[in-house]
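Worksheet: one structure, shown below.
The values are calculated or read from the model by the stated rules, or taken from the named source; none is laboratory data. From a predicted model like this one, the values you see are computed outputs, not experimental measurements. Every residue, glycine among them, receives a Cβ derived from its backbone with ideal geometry; neighbour counts consider all protein chains shown. Each accessible area value is taken on the protein alone, full model and side chains, heavy atoms only, with ligands, DNA and RNA left out. Shrake-Rupley method; radii C 1.70, N 1.55, O 1.52, S 1.80 Å.
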Amino acid sequence: MFWITVAESQLHPSLHSAYFNNHAFEKSGKIYAALGVHWFRWLLVISGWEKLSQKNNPVRKTLPALQQFERATRVSEFGHSVIAIIIFALTVFVCIKYSVKEAFWLILFNVLLNIYPILVQRYNRPRLRRLVQKLQQPSVV
């Protein structure tokens with residue numbers, strides 16, 4: 001993840017691919033709730049990761065800060081996706097060369113350290129985009 005972060009900070013990719021757009025089934029978040037995203041977020045809180053993350057990057061309630069946070073969800077998802085694909089390829093190799101039993105820990109850690117963070121970002125992004133759109137609309141007084 002370190003190398004992805006370094007590359008992103010140097011190259012500043014746009015990350016405006018259609019992949020990052022939300023699909024109709026994602027907007028309510030029910031599918032992610034069914035997959036256990038709330039459980040994973042709870043795990044981040046009790047492990048101290050959420051507190052550490054908030055300390056380093058506090059979420060401010062201004063439009064530019066929320067837009068930056070929305071971009072950060074895309075950056076994080078991209079990084080975790082790249083790593084998940086690499087680990088998946090390694091897992092396939094280990095399964096072929098050795099056994100599924102030998103690859104179990106790779107599968108487990110890939111799900112916990114890459115797949116669930118991707119799901120959290122995809123769960124949060126529609127909510128953030130709705131909030132950004134709401135803040136961008138001129139208030140009618």
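What the table shows:
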{"read-out": "Dipole of the chain, positive direction: furthest Cα of Thr73, Phe104, Ala84, with charges on the beta-carbon", "value": "Thr73"}
{"read-out": "The chain: relative contact order in percent, alpha carbon pairs under 8 Å with at least 6 residues between", "value": "36 percent"}
{"read-out": "Candidate residues His23, His80, His16: accessible-area rank, largest first, probe 1.4 Å", "value": "His16, His23, His80"}
{"read-out": "Sparse-neighbourhood loop sites, chymotrypsin sites (Phe, Trp or Tyr not before Pro) in the range 21-117 - DSSP loop, at most 14 other Cβ within 10 angstrom", "value": "Tyr98"}
{"read-out": "Rounded percent of accessible protein surface that carbon and sulfur make up, the chain, 1.4 Å probe", "value": "67 percent"}
{"read-out": "Ser14 - accessible surface, heavy atoms, 1.4 Å probe, Å² rounded to 10", "value": "70 Å²"}
{"read-out": "Linear extension gain, Ile85 paired with Gln54, 0.36 nm per residue minus alpha-carbon span", "value": "8.4 nm"}
{"read-out": "Cα long-axis angle, helix 100-110 against the chain (0 to 90 degrees, to the nearest 10)", "value": "20 degrees"}
{"read-out": "Taking the C-alpha atoms of the range 3-132, convex hull volume expressed per residue in Å³", "value": "137 Å³"}
{"read-out": "Estimated FRET transfer efficiency when R0 is 22 angstrom, pair Leu35-Leu112 (beta carbons, to 0.05)", "value": "0.95"}
{"read-out": "In the range 57-141, trypsin sites (Lys or Arg not before Pro) in a DSSP loop with at most 10 other beta-carbon atoms within 10 Å", "value": "Lys61"}
{"read-out": "Global geometry of the range 10-71, whether rounded, prolate or oblate, following the gyration tensor of its Cα atoms and the 1.5 cut on a/c", "value": "oblate"}
{"read-out": "Cubic angstrom per residue, convex hull over Cα atoms of the range 60-116", "value": "52 Å³"}
{"read-out": "Accessible area per residue, Å², the chain with all protein chains present, probe 1.4 Å", "value": "71 Å²"}
{"read-out": "Point-to-point label distance, Ala18-Ala72, nm (Cα→Cβ direction, 7 Å offset)", "value": "3.0 nm"}
